[in-house]
Amino acid sequence: MKRERLTAGGIDLEVVRGGSGPTALLLHGPTTYSPDAPFLGMLGQVATVVAPSHPGFGESSRPDDLETVYDLVHVYRDLIDALPDELIVLIGCSFGGWLAAELATTYGHRLAHLILVDPLGIKVGRRDERDIVHLFNTSPAELERRAWHDPSRQRSGLLGLGWQQHLDTAPDDELVRLARGWDSLCLYAWRPHLYNPHLARWLRRIAVPTLVLSGESDRIVAPGYFQAYADLIPGAQLQVIPEAGHHPELEHPEAFVEQVRRFIGR
């Protein structure tokens, strides 16, 4: 896996690319992925991985007029059109799972499989109930406790939620990446907080084989959230990864990649 550059819709994006097999477009969550993340190397044995940093994250550019989730969806439609494969595997994790679900409702004709990993993006509880912990108003220590089954797995380069707990050990260039991404996530997802009020209704339009993966110890969302997500997508499967929190691809890369391998049939 190595970092490269590509252009989608005139926007310059940083991308991690590598592996062999069918193309898998991987959309990250609150933090970008390092090329040396163990799960990426394992996933590269199953598919050709294309993992862009969202506009405004990492070293991807963000034009001033690009500021909503729907702007990101259009960027990724342009990126999918630029890929050589007629059909791709789309994998979205956390915030990236929200983006992947939005893409699948409108651009499913370019997808062979859809995999949503601890996805955000919908409202399932009552109006006065919080489905998703407020990422921007919760202490880093509490975020880490809720996001990880075992916080010791939060190694450098695999930061995920709660990274603010480890600022004293992060190099300066990584701090810049983290701060830039956090600002962009706030821009895209502050209000309403990490969901689209209309998405739940339109998940019924997803017509590709769909797998919802969730970490058994994910406490970023309310109990039953991922089951409700899967129930809204026709024919979707829900699989739970034991001893993993909101980032199963980081905490248990072997189990994560095995679930992907089985689902896409390789």
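Here are the numbers for the structure shown:
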quantity	calculated
Check on residue 153, within 20 Å of residue 243 (Cβ to Cβ), touching a residue at least 60 places away in the same chain (Cβ under 8 Å) and buried (at least 16 other Cβ atoms within 10 Å of the Cβ)	yes
Residue match in region 18-25 (condition: part of a loop (DSSP other than H, G, I, E, B), over 20 Å from residue 98 (Cβ atoms) and free of Cβ contacts under 8 Å to residues at least 24 places away in the same chain)	no
Residue match in region 252-266 (condition: in contact (Cβ under 8 Å) with a residue 24 or more places away in the chain and over 25 Å from residue 23 (Cβ atoms))	no
Residue within region 122-133 that is under 22 Å from residue 76 (Cα atoms) and either within 19 Å of the chain's Cα centre (by Cα) or β-branched (Val, Ile, Thr) (or both) present	yes
Qualifying positions in region 114-145 - buried (at least 19 other Cβ atoms within 10 Å of the Cβ), closer than 25 Å to residue 36 by Cα and not acidic (Asp, Glu)	114, 115, 116, 117, 119, 143
Tally of residues being under 28 Å from residue 87 (Cβ atoms) and either surrounded by 21 or more Cβ atoms within 10 Å (Cβ to Cβ) or of a type in the set (Val, Ile, Thr) (or both) across region 231-246	3
Close pairs (8 angstrom Cβ cut-off, 6 or more residues apart or separate chains): in a strand (DSSP E or B) in region 49-76, modelled with pLDDT of 95 or more and of a type in the set (Asp, Glu) anywhere	52/14
Within region 209-227, tally of residues that are surrounded by fewer than 19 Cβ atoms within 10 Å (Cβ to Cβ) and in contact (Cβ under 8 Å) with a residue 12 or more places away in the chain	5
Residue satisfying condition, being modelled with pLDDT under 95, closer than 22 Å to residue 143 by Cα and not in a helix (DSSP H, G or I), within set 191, 177	191
Residue 219 charged (D, E, K, R), under 23 Å from residue 134 (Cβ atoms), assigned to a loop (DSSP other than H, G, I, E, B) and at pLDDT below 95	no
Residues of region 157-185 that turn out to be surrounded by 13 or more Cβ atoms within 10 Å (Cβ to Cβ), without any contact (Cβ under 8 Å) to a residue 60 or more places away in the chain and either among the β-branched types (Val, Ile, Thr) or touching a helix residue (DSSP H, G or I) at 6+ places or on another chain (Cβ under 8 Å) (or both), as a count	5
Residues of region 228-250 that turn out to be part of a helix (DSSP H, G or I) and either free of Cβ contacts under 8 Å to residues at least 40 places away in the same chain or touching a strand residue (DSSP E or B) at 6+ places or on another chain (Cβ under 7 Å) (or both), as a count	5
Number of positions in region 140-174 that are under 30 Å from residue 102 (Cβ atoms), among the polar types (S, T, N, Q) and assigned to a loop (DSSP other than H, G, I, E, B)	1
Region 77-110 - residue that is assigned to a helix (DSSP H, G or I) and acidic (Asp, Glu) and, of those, surrounded by the fewest Cβ atoms within 10 Å (Cβ to Cβ)	81
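The values are calculated or read from the model by the stated rules, or taken from the named source; none is laboratory data. Everything quoted here is computed from the prediction, not taken from an experiment. Please note: Cβ atoms are built from the backbone with ideal geometry, for glycine as well, and neighbour counts cover all protein chains shown.
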